[in-house]
Amino acid sequence: MINKDKNLLEGEIIALSIKDFFTKPMLKIAILPLIFTLIIMLIMFYTAAGYGFDSLEIYIQQTQNGQDVMVDEEAPFYFVWMISLSAFLLKYSITSWLVGFLIYTVGTIFIMMFSVFLTVIIIGFLTPMILSVIHKRHYPHLEINGFGSLLSPIFIAVKSLIIMVLLFILFIPLYFIPLVNIIAINLPFYYFFHKMLNYDVASTILTEEQYKYIHYKKANSFRMRSLLLYFLSMIPSLMLFSAVFFIIYLGHGYFQELNKIRDIKDDNNLIEQEL
């Protein structure tokens with residue numbers, strides 16, 4: 001447990017967040033959703049792929065036996081073209097093996113990437129659980145309340161998404177300037193990332209008044225923190241488990257600020273008593 005009268009430096013917060021991340025409860029939250037999501041998605045993919053190959057084999061046998069094969073006349077031309085091309089390639093053992101290898105390999109890679117995306121969303125719903133562990137472990141002397149309703153995250157997400165799209169449109173002239181275009185492309189993404197992540201964590205810990213006070217006093221500090229996390233999120237290998245660390249790190253940041261607010265209240269109460 002952190003000393004209730006001690007305020008940590010930024011380096012200490014980062015070190016403590018890394019230490020918390022590698023505890024058993026946090027690793028479970030980071031890894032288990034990913035494993036379960038990956039297993040379910042792979043089972044669905046291999047089932048669908050197997051059914052697709054079986055259907056193509058029946059199609060090939062029917063065409064080879066001279067039977068009429070009915071194809072929906074309203075089907076898009078590219079669908080008919082893909083069916084015909086796949087059937088042609090699957091007639092021969094070499095091309096059949098190559099098509100199967102490519103479909104299963106590319107499909108597996110795509111499913112793994114999509115599973116990471118779904119896992120990040122799932123972990124977003126586990127934010128209260130993650131912050132509850134941090135609270136009990138380090139800040140049991142602080143009272144956490146939270147603010148907003150069930151519709152608040154949806155409202156914030158829609159509002160942030162609209163602003164992000166407007167920023168994309170506004171920065172169109174900058175996309176043609178080398179180096180500047182890198183910033184112009186990432187800035188809207190960062191805005192959405194910053195807004196959603198900070199709201200998710202702050203609304204779980206603070207009251208609305210506390211959040212407004214901390215945002216007024218320390219907005220730039222939390223912008224720099226979320227900017228660091230945004231850079232980390234761009235590293236593919238870290239993205240597998242980074243969502244939990246992001247919540248832990250920002251959680252410590254908000255708990256530290258809440259601790260300072262408590263100290264200020266204690267000092268004011270002491271002054272009132274002395275007067």
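The values are calculated or read from the model by the stated rules, or taken from the named source; none is laboratory data. Being a predicted model, the structure only gives us computed values, none of them experimental. In this analysis, Cβ positions are derived from the backbone assuming ideal geometry, glycine residues included, and neighbour counts consider all displayed protein chains. Ligands, DNA and RNA are stripped out before the accessible areas are found, and what is left, the full protein with its side chains, is counted by its heavy atoms. Shrake-Rupley method; radii C 1.70, N 1.55, O 1.52, S 1.80 Å.
What the table below lists for this structure:
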read-out: Accessible area of segment 112-235 belonging to carbon and sulfur atoms, whole % at 1.4 Å probe; value: 76 percent
read-out: Relative packing of peptides 158-170, 246-258, 124-136 - highest average C-beta neighbours within 10 Å first; value: 246-258, 124-136, 158-170
read-out: Charge tally in the Cβ shell below 14 Å around Lys218, where Lys, Arg are +1 and Asp, Glu are -1, Lys218 excluded; value: +3
